Structure formats: C-alpha cells, structure tokens
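Everything on this sheet refers to the single structure shown next.
The values are calculated or read from the model by the stated rules, or taken from the named source; none is laboratory data. Computed from a predicted model, the values in this text were never measured in an experiment. So basically every Cβ, Gly included, is an ideal-geometry build from the backbone, and we count neighbours across all protein chains shown.
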Amino acid sequence: MARIRRAALADAAAMAAVHVASWESTYTGVLPASYLAERTVAVRYAFWLDRLVEDDPAICIFVACGEDGEVCGFASGGNGELYSLYLLEEAQGRGLGRGLVEAVLAELHGAERVIVWVLGVNPARGFYEHMGGRLVAEKQTMMGGELFTEVAYDLGSR
Ligand SMILES: CC(C)(COP(=O)(O)OP(=O)(O)OC[C@H]1O[C@@H](n2cnc3c(N)ncnc32)[C@H](O)[C@@H]1OP(=O)(O)O)[C@@H](O)C(=O)NCCC(=O)NCCS
C-alpha cells in the first residue's frame, strides 16, 4: 500500500532522483533547457542531504512511497509556506499529492496562511485550487534568462 512518512537521511538520493524526473516531466518545453540541465541529480542530492542533516525544527519533509516501498514523491514546508511538492509522473493521480499536502499542513498546525508558489502555466494550479487554495499573489521571476509568471495560493485555514 502507498504511504506517506517523514523523510529520513537515507531518502536523500531517492528524493533527488524523483526531483529531477518530476522536473523533467513537468517543465520540459516550459522552462529553458539549460535551466533544467543545471539541476542535476547531484545538485538535488546535495540540497536534500543538507536539509535532512540540518533537521531544522521549523521545516518538515515528507516522502510518499509506492507499493514497492520506493520513494515516488515528496513535499516540504515550514514558516507558512509549502516549499515543494513533486511526484513521479507514474505516481500522480492516486491521492498522494493530497496526502503530502495534508501532512505538511498538519505539521504547520493549521497556520492561517500557507503559501505555495507555482508557475502560472503549471497545471498543478488546478490541483491547488481543488485543494481549496485561494489565489493571493502574482510575481514575475527570471529563470534561465527568461521571465516567467508565478502565482501564489493560500492553502491555510481552508
Ligand atoms: C501537482 C501534484 C503534486 C498533484 O498530486 P496528485 O497525486 O497527482 O494529486 P491527487 O491524486 O492527490 O489529487 C487530489 C485531488 O486533486 C485533483 N487534481 C489533481 N491534479 C489536478 C489538476 N491538475 N487540476 C485539477 N484538479 C486536480 C484530483 O482529481 C483529486 O480530486 P479528488 O480528491 O476530489 O478526487 C502532482 O500532479 C505532481 O507532482 N505534478 C508535477 C509536479 C508539480 O507540478 N508540482 C507542483 C509544483 S508547485
């Protein structure tokens, strides 16, 4: 059975692999190829290992595991923000995204405001809206030398 649990140090490599694969399936043809290419498994591994070693009590990190026990997604959050939420393409549409968001929101103890930034063209916007998110902000961000619109949803106090 698929399940959501807290991430452990030993998950850093699997999280990095999921991060890169999910970025590729989500952002290829959307974000500049050079920007994607720079975010390698090694870069993501170093990032997640640092976060897991730091073990900052203000930040929570959860992984979703498939029937085989392998990590197929993750989410992180803290300080009134859902920082990241990524699943392998084949693990999407099975309730794991909802499970990960609910795990992070529960950890934030029903914070009044929990912001998530998402690329304006990302279909995940529909997911956040379906989860009760309220559109609260919009900004322009440079990524790989190109300007993109990002929008923020508030998932708090739903
Ligand atoms: C966005 C994402 C995390 C959603 O997770 P998921 O596991 O596919 O979604 P779930 O199966 O938990 O869906 C929960 C509910 O949201 C709905 N939903 C899922 N994706 C949706 C979408 N794009 N638009 C509208 N509704 C959506 C589902 O139908 C489901 O509804 P129900 O519970 O009422 O039946 C996942 O698709 C993903 O990893 N996408 C690629 C990475 C990404 O874009 N991450 C966000 C970066 S900000």
Qualifying residue in region 71-90 (condition: over 15 Å from ALA124 (Cβ atoms) and among the aliphatic types (A, V, I, L, M)): yes
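Restricting the search to region 144-158, which residues are in contact with a helix residue (DSSP H, G or I) (Cβ under 9 Å, 6 or more places away or on another chain), exposed (fewer than 15 other Cβ atoms within 10 Å of the Cβ) and either touching a residue at least 60 places away in the same chain (Cβ under 8 Å) or closer than 17 Å to VAL30 by Cβ (or both)? Steps first, answer last, please.
Taking region 144-158 first, the residues in contact with a helix residue (DSSP H, G or I) (Cβ under 9 Å, 6 or more places away or on another chain) are 144-146, 151, 153, 155-156, 158.
Adding the requirement that they be exposed (fewer than 15 other Cβ atoms within 10 Å of the Cβ) leaves 144-146, 158.
GLY144, GLY145, GLU146 - these are the residues of region 144-158 that are in contact with a helix residue (DSSP H, G or I) (Cβ under 9 Å, 6 or more places away or on another chain), exposed (fewer than 15 other Cβ atoms within 10 Å of the Cβ) and either touching a residue at least 60 places away in the same chain (Cβ under 8 Å) or closer than 17 Å to VAL30 by Cβ (or both).
Condition first: among the hydrophobic types (A, V, I, L, M, F, W, C) and in contact (Cβ under 8 Å) with a residue 60 or more places away in the chain. Now tell me which residues in region 92-107 satisfy that.
So the first thing to find is which residues in region 92-107 are among the hydrophobic types (A, V, I, L, M, F, W, C), and the list is 96, 100-101, 103-106.
LEU96, LEU100, ALA103, listed by residue number.
Could you check how many residues of region 36-70 are of a type in the set (Gly, Ala, Ser) and in contact with an Asp or Glu (Cβ under 7 Å, 6 or more places away or on another chain)?
The initial filter retains those residues of region 36-70 that are of a type in the set (Gly, Ala, Ser), namely 37, 42, 46, 58, 64, 66, 69.
From what is left, the residues that are in contact with an Asp or Glu (Cβ under 7 Å, 6 or more places away or on another chain) are none.
Residues in region 36-70 being of a type in the set (Gly, Ala, Ser) and in contact with an Asp or Glu (Cβ under 7 Å, 6 or more places away or on another chain): 0 in total.
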Within region 108-143, of all residues that are touching a residue at least 24 places away in the same chain (Cβ under 8 Å) and acidic (Asp, Glu), the one farthest from PRO57 (Cα to Cα) is GLU129
Taking the criterion of being closer than 19 Å to ALA17 by Cα, more than 8 Å from the ligand (Cβ to nearest atom) and at pLDDT below 95, would at least one residue in region 57-67 satisfy it? yes
So, of the residues in region 73-95 that are over 12 Å from the mean Cα position of the chain (by Cα) and at negative phi, which turns out to be nearest to the ligand (Cβ to nearest atom)? GLN92
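Residues that are in contact (Cβ under 8 Å) with a residue 60 or more places away in the chain: list the helices (runs of 4 or more DSSP H) wholly contained in region 3-90 that include at least 2 such residues.
Values: elements: 12-27, 33-38, 41-54.
Because the criterion is at least 2 residues that are in contact (Cβ under 8 Å) with a residue 60 or more places away in the chain, the helices (runs of 4 or more DSSP H) in region 3-90 that meet it are 12-27, 33-38.
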Out of region 102-124, which residues are of a type in the set (D, E, K, R) and either within 13 Å of the ligand (Cβ to nearest atom) or part of a helix (DSSP H, G or I) (or both)? GLU102, GLU107
